[in-house]
Amino acid sequence: MIIFGWRVVFFTLTRGTFHCPGCGGDREYRRRQGRNFFTLFFVPVIPLMKAGGEFVECDACHGRWNPAVLDVPTTAQLAQMPAMLLRLAIAQVLRSGDYTNAAARSRAVVVVRQAGEPGYDESALNADLGRPFDEVRVEMARAASALAPEARESILRAAAEIALVDGPLTVSEEETLSAVGADLELTRVQVTGVVSMARQESGH
Ligand SMILES: [Zn+2]
């Protein structure tokens, strides 16, 4: 007697780390997809149609999630975000003014180091200054939505302070601060408030 049938076999497409909504923390995951197989004596022998969509499975709790769950930043990524956003904000503002100004540059390096990137230096700053403007804007907008408003305001504040190191804000610096504020998802009122506080403090 020949016993035949079909069953679903799951394949792992990729692996990585994600924020598991089930465990509530950073966990390893497998991105998987099922495929129907024709079986002979319970052994899958012929692949048939794909069975259902892809899903993400947590290695710890084995919960299965829609792959959109991978868009949520992990706790580790979230911890790096303020420093990363700060770098980008500072680079945007610096290059809208005199980015060769030694005082502004060394202040920028110090601020980023203090924010949690001890290895940041002049060459890393040059690399940030050389990145395409639009690419930086997209990256900032994506990261900004994960941060609290206070954190986003303090990033803009730091960028404004650096723009003010070499004297009063130029029109171009002011425009860039507004654009960076918008990328940080701050309102016009918040941007104006943050920039004017930085101005008062600098005396320019
Ligand atoms: Zn889990």
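Of all accessible surface on the stretch 84-180 at a 1.4 Å probe, what whole percent is carbon and sulfur?
54
Please give the net charge around ALA151, taking every other residue with its beta carbon less than 13 angstrom from that of ALA151, where Lys and Arg add +1 and Asp and Glu add -1.
With Lys, Arg at +1 and Asp, Glu at -1, the neighbours total -1.
Keeping all protein chains in place, calculate the accessible area per residue for the chain (probe 1.4 angstrom), answer in Å².
Ligands and nucleic acids excluded, the figure is 55 Å² per residue.
Run the dipole for the chain about the Cα centre, Lys and Arg Cβ at +1, Asp and Glu Cβ at -1, nothing else charged, and hand back the magnitude in debye, nearest 20.
That gives a dipole near 1100 debye.
Convex hull over the alpha-carbon atoms of the stretch 75-202: what's its volume per residue in Å³?
Details: hull volume 12.1 nm³, N = 128.
Hull volume over Cα atoms, normalised by residue count, gives 95 Å³.
Could you work out how much longer the chain between VAL45 and PHE4 gets when fully extended? Use 0.36 nm per residue separation minus the Cα distance between them, nm to one decimal.
Answer, rounded to one decimal: 13.7 nm.
Could you give each residue of the stretch 107-116 its phi-based ³J(HN,Hα) in whole Hz, using Karplus coefficients 6.51, -1.76, 1.60 with θ = phi - 60°, and x for Gly or Pro?
After applying 6.51 cos²θ - 1.76 cosθ + 1.60, I find 4, 4, 4, 4, 5, 5, 4, 5, 6, x Hz.
As an exercise, use a Förster radius of 30 Å and the Cβ-Cβ distance of VAL189 and SER123 to find the FRET efficiency, rounded to the nearest 0.05. Please list the in-between numbers first.
Details: r = 38 Å, r/R0 = 1.25.
According to the calculation, E is roughly 0.20.
Can you run phi through the Karplus equation (6.51, -1.76, 1.60; θ = phi - 60°) for the stretch 179-188 and list ³J(HN,Hα) in whole Hz, with x for Gly and Pro?
For the stretch 179-188, the Karplus-derived couplings read 5, 5, x, 5, 5, 7, 6, 9, 7, 4 Hz, x marking Gly and Pro.
Among LEU70, TYR29, HIS204, whose Cα sits farthest toward the positive end of the charge dipole of the chain (+1 at Cβ of Lys/Arg, -1 at Cβ of Asp/Glu, about the Cα centre)?
TYR29
Quick one: grab Rg to one decimal and Dmax as a whole number for the stretch 1-145, Cα atoms only, in Å.
Computed over the Cα atoms of the stretch 1-145, radius of gyration and Dmax are 23.6, 86 Å.
Grab the DSSP H runs of the chain that are 4 residues or longer, score each as -39,500 (n - 2.57), total them, divide by all residues and round the 222 nm result to the nearest 500 deg cm²/dmol.
Computed ellipticity for the chain at 222 nm equals -15500 deg cm²/dmol.
How far is it, in nm, from the label point at VAL138 to the one at LEU78 when both lie 7 Å from their Cα along the line to the Cβ?
Those two pseudo-labels are separated by 2.5 nm.
The values are calculated or read from the model by the stated rules, or taken from the named source; none is laboratory data. On a predicted model such as this, the values are computed, not experimentally measured, just so you know. Counting neighbours? That spans all protein chains shown, and the Cβs are built from the backbone with ideal geometry, glycine included. When the accessible area is computed, the model is the full protein with side chains, heavy atoms only, and any ligands, DNA or RNA have been set aside. Shrake-Rupley method; radii C 1.70, N 1.55, O 1.52, S 1.80 Å.
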